[in-house]
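Read-outs: derived from the displayed coordinates by stated rules, not from any lab. Predicted model, so just to flag it, every value in this text is computed and none were measured. In this analysis, Cβ positions are derived from the backbone assuming ideal geometry, glycine residues included, and neighbour counts consider all displayed protein chains.
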Amino acid sequence: MTPAEHHRAVAGVFTAKVLGTTDWDAPAPVDGWRARDVVGHLVTWLPEFLDSRGLPGLGPVDLADPAAAWQAHAAAVQALLDGPDAGVLVDDPYLGGRSLGDLVEMIYTADVFMHTWDLARATGQDDTLDPATCAALLEGMVPIEEAMRSSGQYGARVEVPADADVQTRMLGFIGRDPGWRR
């Protein structure tokens, strides 16, 4: 799957959760966050990241309406990934050289995927994630655990049973309590 195709699929699932949200102030599994904060995080950090590296921008979004903000942002990311700038080579000081599309897929689409669980769990929707994607993320993150934890972007690992399903293991690895309930 190309970065554009992967984003389209992952963002589509997240969009369904956004459109199914009826309480934007519902507590979320990330300490101190509400459902609206999950969307706010996703629509703000990537534009800041791109801007900080002089990469093509995505434009501002109005967070007053989280659903509209998400839809505008997801469309802008998709346009970027579908366009010619997706092939631009980026030499990131931390992530090395790769195309902009690959970079967005690695750091952003993966984040959308993981936060899908947060929004679904916060809003009482189906929180089942694609097991193959969970497995691929977990496989890629385990070798860089120390760097991930030191970034401050991930909580402490939550211990789960060794025989837990891959979604539960991935959630525990990124610092989520798979048993969290609102």
ask   = Comparing Thr123, Thr133, Thr109, which has the greatest mean-square fluctuation in the GNM of the chain with Cα pairs linked when under 10 Å apart?
value = Thr133
remark   = By Cβ neighbour count within 10 Å, fewest first, Thr116, Thr21 rank Thr21, Thr116
task = Using the Karplus curve 6.51 cos²θ - 1.76 cosθ + 1.60 with θ = phi - 60°, work out ³J(HN,Hα) for each residue of the stretch 108-122 in order, rounded to whole Hz, and write x for Gly and Pro.
result = 9, 4, 4, 5, 4, 4, 5, 6, 4, 4, 4, 5, 5, 5, 5
inquiry  = Can you compute the FRET efficiency between Ser52 and Thr2 using 1/(1 + (r/R0)^6), with r the Cβ-Cβ distance and R0 = 25 Å? Round to the nearest 0.05.
reply    = 0.50
note = Fewest-first ordering of Arg53, Arg169 by Cβ atoms within 10 Å yields Arg53, Arg169
key: In nm, spacing of pseudo-spin labels at Ile107 and Trp45 (7 Å Cα→C-beta vector)   = 1.0 nm
query = In debye, nearest 20: dipole of the chain around its Cα centre with unit charges on the Cβ of K, R (+) and D, E (-)?
reply = 260 debye
ask   = Which far-off residues, 5 or more places away or on another chain, put their amide H under 5 Å from the one on Val90, with H placed in the peptide plane?
value = Arg98, Ser99, Leu100
request  = Rank Pro56, His115, Gly140 by how far each Cα sits towards the positive end of the charge dipole of the chain (+1 on Lys, Arg Cβ; -1 on Asp, Glu Cβ) and give me just the farthest.
outcome  = His115
inquiry  = Under the rule of at least 5 residues apart or a separate chain, name every residue whose amide H is placed under 5 Å from the amide H of Gly175.
reply    = Val158
message = Quick check: the distance between the Cα centres of the stretch 43-108 and the stretch 17-37, to the nearest angstrom?
response = 22 Å
Per-pair calculated FRET efficiency, R0 = 25 Å: Leu63 and Ala162 via Cβ, rounded to 0.05 = 0.05
ask   = Taking only the alpha-carbon atoms of the chain, what semi-axes of the equivalent ellipsoid follow from 5 times the gyration tensor eigenvalues under a square root, in whole Å, largest first?
value = 25, 21, 15
query = Taking the chain as a Gaussian network, where each spring joins two C-alpha atoms under 10 Å apart, which residue of Pro66, Pro29, Pro56 fluctuates the most?
reply = Pro56
remark   = Put in order of increasing Cβ neighbours within 10 Å, starting from the fewest, Phe113, Phe49 give Phe49, Phe113
request  = Mind giving me the FRET efficiency for Leu19 and Tyr94? R0 is 25 Å, r the Cβ-Cβ distance, nearest 0.05 is fine.
outcome  = 0.15
remark   = With the 8 Å Cα cutoff and a minimum separation of six or more residues, the stretch 130-182 has a relative contact order in percent of 37 percent
